[in-house]
Each structure stands twice: as structure tokens, then as C-alpha cells.
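Please read the structure below before turning to the comments.
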Amino acid sequence: LELESVPEWTLLFWTSLAVIVPVIITLWCSAQRSKRKTHMKDFFRKSKHGWHYTDLFNKPTYCCVCSQHILQGAFCDCCGVCADELCLRRADRSLSCKEIMAPSSPDGGMGHRWVRGNVPLASYCAVCKQQCGSQPKLCDFRCVWCQTTVHDDCMDSLADAAQCDLGEFHSLIIPPHYLYRVNKLRRRHPDEYSKLASSCCTGWTPVLVLANTRSGNNMGEALLGEFRTLLNPVQVFDLSELIPSKALQLCTLLPPGSVRVLVCGGDGTVGWVLDAIDTMKNTVISILLIIYIMVFRWKVQIASKGLYFRKPKVLSMNNYFSVGPDALMALNFHTHREKTPSFFSSRIINKAVYFLYGTKDCLVQECKDLDKRIELELDGERVALPSLEGIIVCNIGYWGGGCRLWEGMGDEPCPPTRLDDGLLEVVAVFGSFHCAQIQVKLANPVRLGQAHTVRLVLKSSKMPMQVDGEPWAQGPCTITITHKTQALMLYHSAEQTDDDDDESTASEAESPTPRDSPRSLGATSTRA
């Protein structure tokens, strides 16, 4: 009865208010959060610290200013200083960060640079050898260079004359005193750099870390932070902010032949850095990668049909080139990741998206009858193509997340591939479902042959293509893949059984290396 006596407009008013007020509050909070984030980003950009804001620390963390437990705040991934939101500006002013360039002590050594509190888990005191950071408060010290930890009570026992030796990774770190001396040089010459290197440790081989934070599952920022903690921050570069040619300019301030380059990213990132290294080899300095195996690199020339006056597009290939369903899946994935990069933050999600696109292509078959639209030549010889949907040209032994594409399985074994023989392996697939069968070892690809030079002619329509995971849609064209250069690369050799060792030894005894007889499968000799 009471509800019946309430006017309809009153009910409408309170209902509307109950809906509108939460929406207004949510929008206001969102606007304030966005404004605050922009303000913090501008503050971080101007700071000398490498601040990263977070509201979820992965361990109990205490503010280096007020010593209170932090719920929301920021940490510096270079020196490890932590501060809550209210103390952030004070911490930025009063606590210095890791200096990338500084003079050495009068005796030529380098003193420790201590930061109090938040020491790594399972760290031990350099004096008493007991565990550090075990108390629920801001306590104990850590050197930002050598990562030595020491208790508050043991600090006085540590010898005043103790010098920082840069710790476990001293042979990889560019000491701040080295850059300071380089900056003071009047004559910038490689011989001068070699003389200065004598003040560093024996066997000094500084490493440069180049990472693409846009590759993979968005773990690049955390990876870069770990390297900035262990190395000199000047050695660590984010390729989403600085191109490789600019990052590698640091090599011009180091002794020739001493630099090692660590590239973190996808196939395209590796090729990007190798191209920059090739340029610097010819102009500025001899740069070495971590040496284990010689990898042949390839030039992919794309001449579009009908555009005779336009210069052919030239790409560098290190791993593989493909046209067909796998390139189509990569293209669809790449397009959607560019639109919403935050969604592709997990390997499981990424694999699921690839699976969905592969399933879709099984039904649609967008690359059907590729054999009628393309011609293939291996070292100038025309190859007859079966009914297929895709062609893959490989320089390495693995494809599609670890599948050994060329060797095959079951009744069709084939000697393993090599990265340094100057030959490319060319195979064909019948579609997306066939690719999936190959990856789970239920089928083999069609081996078309091996060659020093591969030429493909796309006669009609537009087809998806990719080089080292970088996809695009290509119209009628002529594609020529030829040898470009070699690069010395780190090569991981998995543990082998005794049987594998015996087989590889026998193969090496039977077959010369490298081979010069490519052509089709009928002319292929036993492979080392």
C-alpha cells in the first residue's frame, strides 16, 4: 500500500539516480586515474631513476625514505630504491641512482655503492655469512654493482678499504670509471680504448643487451629491469624506444673486437640488429657476436609485377620465408596484436589465437590452389609443384615453435640440416590442418629440394607472406632469395645420447662439409 501511494516520478527519479551516480563516480575515478598516470609518467621521464609504478610488489617491500611497508609506490630497476607514493618525490631528490659514469677512487679502485633495505631473497651477509633481509622491516644493505649484501650490524666490520669488484659478472660490465676516462680523452682512437681496458678485469668482454619490449608475451620490461640491476644501465637498450644503429654506437667507445651483443626478441628483432651490425662492420668498428657457429644470412628481393621503375623491396632473412597458411595466421595475429597489444600478454592466449585462426583457415582455405598461382625455381631449375597451399623456405632446422621441418619422421628420415652450408631447404604444405599434423609429428611436409638460390613468381592475386615472423600481404611479384652474408652466433647444442653421437660421427665421416651439390631431392647427398 505504501508503494502504491508513492508517485511514479519519485520512483523514476531514485531509480535514475541509483544508475547515474555509480556511472559518474566510475568515470570520475577513471579520469583521475588517467590524469595521475600521465602526471606520473611525465615525472618518471624527467627523473634520473628508472622508476616503475606498481600496486603489487612480489615480496614485502619497505620505503627507503619513511621505512614503512609499501602498498602502492614505485621502484627503480637500476639501483633498487623503493618508495611509497607520498615519499616518491623526496626519494627522487635525496637518493641517488646507479651512476653510469664516475671517477675511480685515488688508488684506482672502485668503492661500494650501498642501498639500504629490500635485499634479494636468500641473500647472505658478506661478513657473518648469515641470511640477510629476514626481518620484517627496512634493514641491511646491498651494493648496486657487485650485489654484495651485509647486515646493519656487520657494516662496521666490513673493511673500510674494501673495494667493489663488480661481482660475479665483472667481465661483462662496463665500469663507470672506464666511461669517465673515455670522456676525458682528447684523442678518441681504438688504441686508446685498448689501453683503458687494461684497467678493467682480465678477459673483459662487455655485453650489450638489446631487447624489443613489443615482442613475445610482454615480459620485455621485466627482463630489461633485471639486466639494468646486474649491469651498467648504459649497456641495456629498449628497441621500442631506440633503433639498433643508435644503440650500437656505444661500441665505438669500446676496444675493437671485445663487444658481445645479446638480442632479446623475435626473429624480426634479431634480423633488425644483424642488419645494423652489418652496417657498422663496414663503417665504424668490428663487432663480434657470441661465437659458436657461422650462420648464413639471406637477401630477399621482392620485385612487384608491373612496377618496373620502382626499386625492388629488399629484406634480410635469417631463419625462414614462407607463403601460404602459416603466413596467413601470422598476418592475422600480427594485425590484431597491433590493435590491442595488452590482450596478447600470455603465451597460452597467443597459442589459442593462433589455433583459432588455423581452424578458421581449415574451413575457408584462403590459400587454396597456390600451385596454380606460383612458380618455383631452385638454382634456375623449374620445380613441378603438387596441389598445395603453402611453400616454406628454411635456413634453420626448426620451424613453427620447434618442429624439425626438413628431417621428417617415421619412414621418411632425412639427415639434419646445417646453418653454415649455404643451402636453403624448400618444402610444401597442403594447408593449415597439414601444418598442425606436422607440428604433432603425424605427417611430413613435401620436400621440394635444396638450393643456393630460390626464385618464386606469384603470377596472380594477393597472398600472405612472412620473413622471420614479419608478415604482410603481397600482390603479384617475383621473389629472389640469395646469399647475403654470414654472422657468428651462439648455438645451443642439446645433450645427445651415445647412439646419437655414433650416428653423427658416421654421417660426418661419409659426407663432406660444406656441400656444393644442391638441386632437387634426387640429387641430394648425405648431409653432415
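Worth a mention:
- Each other residue within a Cβ distance under 12 Å of CYS362 adds +1 if Lys or Arg and -1 if Asp or Glu, for a net charge of -1.
- Modelled spin labels at PHE355 and GLU241, positioned 7 Å past Cα toward Cβ, are 3.7 nm from each other.
- Accessible surface, 1.4 Å probe, highest first, among residues ILE243, ILE348: ILE348, ILE243
- If you sort VAL150, VAL383, VAL364 by accessible surface, 1.4 Å probe, largest first, the order is VAL364, VAL383, VAL150.
- Of the residues TRP406, TRP14, the one with the largest accessible area comes first in the ranking TRP14, TRP406, computed with a 1.4 Å probe on protein heavy atoms.
- Of the whole protein surface, GLU338 contributes about 120 Å² of accessible area at a 1.4 Å probe radius.
- At an R0 of 45 angstrom, the distance between the Cβ atoms of LYS299 and HIS336 translates into a FRET efficiency of 0.90.
- Based on Cα atoms of region 114-163, Rg over Rh with Rh as the Kirkwood radius reads 0.92.
- Tail fraction, Cα-Cα pairs, region 21-171, threshold 24 Å, whole percent: 42
- CYS362/ALA384 FRET efficiency (R0 35 Å; Cβ-Cβ; nearest 0.05): 0.85
- Rolling a 1.4 angstrom probe over the protein heavy atoms with all chains in place gives region 114-163 an accessible area of 54 Å² per residue.
- Rounded FRET efficiency, nearest 0.05, which uses the C-beta distance separating GLN72 from LEU12 and R0 of 60 Å: 0.90
- At the listed q of 0.22 Å⁻¹, the Debye profile of region 171-288, built from one uniform point per Cα, gives log10 I(q)/I(0) equal to -1.28.
- Rg(Cα) / (2.2 N^0.38 Å) computed for region 30-94, rounded to two decimals: 1.06
- Annotation: MET101 carries an accessible surface of approximately 90 Å², with a 1.4 Å probe and no ligand, DNA or RNA atoms counted.
- Label-to-label distance, THR205 versus THR480, with points set 7 angstrom from Cα along the beta-carbon direction: 3.8 nm.
- Proximal charge balance of GLY431 [Cβ under 14 Å; K/R count +1, D/E count -1]: -4
- Pairwise label distance in nanometres, LEU442 with LYS48, each label 7 Å out on the Cα-Cβ vector: 6.2
- Within-13-Å neighbourhood charge of ARG181 [Cβ basis; K, R +1; D, E -1]: +4
- By average C-beta atoms within 10 angstrom, highest first, the peptides 434-444, 139-149: 139-149, 434-444
- With the alpha-carbon atoms of region 155-212 aligned to their principal axes, the span from lowest to highest coordinate is 44, 34, 21 Å, starting with the largest.
- A full extension of the chain between TRP114 and GLU168 corresponds to an added length of 17.7 nm, given 0.36 nm per residue minus the alpha carbon distance.
- Carbon/sulfur fraction of accessible area - region 171-288, other protein chains in place, 1.4 Å, %: 53
- Solvent-accessible area, 1.4 Å probe, carbon plus sulfur percent, for region 297-485: 56
- A 1.4 Å probe run over the protein chains yields, for region 372-475, 40 Å² of accessible area per residue, whole-number rounding.
- With the whole protein complex present, ARG228 retains an accessible surface near 40 Å², based on a 1.4 Å probe.
The values are calculated or read from the model by the stated rules, or taken from the named source; none is laboratory data. These figures come from a predicted structure and were not determined experimentally. As a convention, Cβ positions derive from the backbone with ideal geometry for all residues, glycine included, and neighbour counts pool all protein chains shown. Protein only, heavy atoms only, side chains kept; ligands, DNA and RNA dropped before computing areas. Shrake-Rupley method; radii C 1.70, N 1.55, O 1.52, S 1.80 Å.
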